[in-house]
Amino acid sequence: MPPLGLLHMRAWASLFSRLLRPRGVVCIREVHFHSQVSEAVLTSQLKPQHEKSNFIIKTPKGTRDLSPQQMVVREKILDMVIGCFKRHGAKRLDTPAFELKEMLTEKYGEDSGLIYDLKDQGGELLSLRYDLTVPFARYLAMNKVKKMKRYHVGKVWRRESPTIVQGRYREFCQCDFDIAGQFDPMIPDAECLKIMCEILSGLQLGDFLIKVNDRRILDGMLAVCGVPESKFHAICSSIDKLDKISWNDVRHEMVAKKGLAPEVADRIGDYIQCHGGVSLVEEMFQDSRLSQNKQAIEGLGDLKLLFEYLTLFGIAEKISFDLSLARGLDYYTGVIYEAVLLQTPAQAEESLNVGSVAAGGRYDGLVGMFDPKGHKVPCVGLSIGVERIFAIVEQRMKTSGQKIRTTETQVFVATPQKNFLHERLKLISELWDAGIKAELLYKNNPKLLTQLHYCEHTGIPLAVIIGEQELKEGVIKLRSVASREEVAIKRENLVAEIQKRLSES
């Protein structure tokens with residue numbers, strides 16, 4: 001292909017020749033030149049296609065496909081979680097997968113750098129949603145909703161280093177439950193903790209503990225330890241890493257990276273080792289330093305009331321007041337909580353270190369950040385870590401060798417004879433119309449053995465068999481796939497007999 005400068009010269013020459021040439025006269029050289037240019041452009045466009053021999057087909061980093069077997073397990077988990085949300089009176093809500101970038105900024109503290117920004121496609125700066133909480137707050141403010149109990153199941157995106165084996169991804173599903181509105185203290189908060197307990201108990205993941213703290217207690221603790229108020233969020237973010245790294249590493253980060261005095265870090269270290277029940281709340285009321293902080297006293301008062309309600313719900317033994325719990329997100333203002341699985345040493349060797357499996361807290365100021373007049377709507381909520389729970393359940397199923405049915409087919413329509421496709425189609429249509437889940441092979445003349453093997457392989461419990469003899473006698477053979485027992489049923493009674501057997505199984 002000629003150099004770019006030569007192309008420009010030829011283009012100008014072509015233009016002048018057109019202007020000077022009589023209409024209708026075509027220059028052969030010009031046609032030849034344009035042909036060469038078109039061919040060169042086409043070749044350059046096609047060339048990358050030939051260079052794709054080393055192209056690797058894969059999903060983007062931090063994402064994955066879910067197989068039919070995995071989807072069955074996932075749906076069971078989600079059905080159980082959503083069933084609990086509905087039992088507590090929540091309405092379902094959905095919001096866009098992406099938001100205006102300005103809606104998400106300054107809501108997540110240090111984690112704001114993990115937000116996925118989208119390329120500008122038409123004048124709006126957009127970002128993929130980081131969680132379901134901020135979009136919910138935006139929805140409340142935009143629609144002037146003052147009270148709402150809602151649940152939301154949807155995907156969120158975070159640009160962090162994924163740890164796939166621990167159920168941590170860049171694209172993952174969240175299941176949120178939130179109560180918005182002005183109510184008496186700690187009643188909605190206690191219900192959120194009750195919901196957490198119901199879900200984790202229902203999923204049979206093993207013994208668990210829910211750590212509870214309050215951001216006011218945390219801020220009060222930082223203040224009495226000598227942390228400047230300007231560093232509160234930064235130090236909270238460091239404390240929040242205690243479930244991932246040791247105290248020594250956290251202390252080093254506070255001192256070396258965030259400029260905290262060593263003696264201040266040591267005072268924080270004394271507090272964050274404390275954990276217990278309502279007795280620890282009483283003990284902190286008597287603490288010489290903490291009892292002098294108004295914020296901390298307010299938080300301790302609410303926690304005392306919370307434990308009272310948790311005792312009435314029968315779940316107080318599952319809750320631990322833990323001063324090391326920080327929850328790094330900036331929008332939390334009151335009670336915060338996080339659920340972790342407890343494991344015996346033997347279980348710890350076999351299972352995954354997935355961290356928390358559910359978390360949440362109170363965020364009374366978030367809606368006001370979206371409202372033009374700053375009107376606040378107090379909110380409290382929780383999020384279930386579906387991906388982490390799924391990772392645990394999936395590994396347990398692999399260990400046990402448990403087989404999973406990927407379809408819900410109840411009946412298979414079969415024939416032992418050729419040229420019976422029309423009869424099979426009529427029969428399966430009757431079953432579908434009666435609400436029965438049914439299948440057949442997409443062949444004109446399938447072998448009976450092939451059809452029965454398909455039933456056994458896919459776990460279909462019943463087969464209906466139609467042939468010349470059955471057609472003549474007005475009956476259908478109903479076969480139990482597991483026992484291989486067959487019985488002739490009158491055609492008009494077939495649907496009722498199938499429904500009876502399915503209800504008994």
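Mind checking which residues of the stretch 143-188 are in contact with a helix residue (DSSP H, G or I) (Cβ under 9 Å, 6 or more places away or on another chain), over 18 Å from VAL357 (Cα atoms) and crowded, with 19+ Cβ neighbours inside 10 Å? If the condition is that a residue be in contact with a helix residue (DSSP H, G or I) (Cβ under 9 Å, 6 or more places away or on another chain), over 18 Å from VAL357 (Cα atoms) and crowded, with 19+ Cβ neighbours inside 10 Å, then ARG150, ILE179, ALA180, MET186 are the ones that fit.
No other residue among ILE187, ILE164 is among the β-branched types (Val, Ile, Thr) and at pLDDT 95 or above apart from ILE187. Taking the criterion of being in a loop (DSSP other than H, G, I, E, B), of a type outside the set (A, V, I, L, M, F, W, C) and modelled with pLDDT of 95 or more, the only residue of the stretch 377-405 that qualifies is PRO378. Condition first: touching a strand residue (DSSP E or B) at 6+ places or on another chain (Cβ under 7 Å), of a type in the set (Ser, Thr, Tyr), at pLDDT 95 or above and surrounded by 17 or more Cβ atoms within 10 Å (Cβ to Cβ). Can you find one or more residues in the stretch 322-335 that meet it? So far as the stretch 322-335 goes, no, none of its residues is touching a strand residue (DSSP E or B) at 6+ places or on another chain (Cβ under 7 Å), of a type in the set (Ser, Thr, Tyr), at pLDDT 95 or above and surrounded by 17 or more Cβ atoms within 10 Å (Cβ to Cβ).
Taking the stretch 438-505 and the helices (runs of 4 or more DSSP H) fully enclosed by it, the elements with 2 or more residues that are farther than 16 Å from PHE420 by Cα and touching a residue at least 60 places away in the same chain (Cβ under 8 Å) are at 494-504.
Among the residues of the stretch 80-112, those identified as closer than 28 Å to ARG159 by Cα and either in a helix (DSSP H, G or I) or among the small types (Gly, Ala, Ser) (or both) are VAL81, ILE82, ALA97, LYS101, GLU102, MET103, LEU104, GLY109, GLU110, ASP111, SER112. Any residue in the stretch 366-378 that is aliphatic (A, V, I, L, M), within 25 Å of the chain's Cα centre (by Cα), under 30 Å from GLY202 (Cβ atoms) and open to solvent by less than 50 Å² (accessible area, probe 1.4 Å)? Taking every residue of the stretch 366-378 in turn, at least one turns out to be aliphatic (A, V, I, L, M), within 25 Å of the chain's Cα centre (by Cα), under 30 Å from GLY202 (Cβ atoms) and open to solvent by less than 50 Å² (accessible area, probe 1.4 Å).
Restricted to the stretch 60-79, and to residues that are within 15 Å of LYS398 (Cβ to Cβ) and among the polar types (S, T, N, Q), which residue is farthest from the chain's Cα centre (by Cα)? So the residue we want is GLN69. The selection criterion, being modelled with pLDDT of 95 or more, of a type in the set (Asp, Glu), in the same structural domain as PHE370 (by the TED database) and touching a strand residue (DSSP E or B) at 6+ places or on another chain (Cβ under 8 Å), holds for ASP94. The single condition from (1) modelled with pLDDT under 90; (2) open to solvent by less than 70 Å² (accessible area, probe 1.4 Å) that GLU106 fails is (2). Restricting GLU282, GLU308, GLU317, GLU263 to those that are among the acidic types (Asp, Glu), under 30 Å from SER201 (Cα atoms) and over 34 Å from the mean Cα position of the chain (by Cα) reduces the list to GLU282.
Of all residues in the stretch 237-259, those that are open to solvent by 40 Å² or more (accessible area, probe 1.4 Å) and part of a loop (DSSP other than H, G, I, E, B) total 4. Counting the residues of the stretch 268-285 that are assigned to a helix (DSSP H, G or I) and open to solvent by 30 Å² or more (accessible area, probe 1.4 Å) gives 6. Taken over the stretch 385-405, the criterion of being among the small types (Gly, Ala, Ser) and either touching a residue at least 60 places away in the same chain (Cβ under 8 Å) or open to solvent by less than 20 Å² (accessible area, probe 1.4 Å) (or both) is satisfied by GLY385, ALA391. The condition of being assigned to a helix (DSSP H, G or I) and in contact (Cβ under 8 Å) with a residue 24 or more places away in the chain holds for only one of GLU408, GLU423, that being GLU423.
The values are calculated or read from the model by the stated rules, or taken from the named source; none is laboratory data. Quick caveat, the model's predicted, so the values are computed rather than measured. Cβ sites come from the backbone with ideal geometry, for glycine too, and all protein chains shown count toward neighbours. For accessibility, only protein heavy atoms count, side chains too; no ligands or nucleic acids. Shrake-Rupley method; radii C 1.70, N 1.55, O 1.52, S 1.80 Å.
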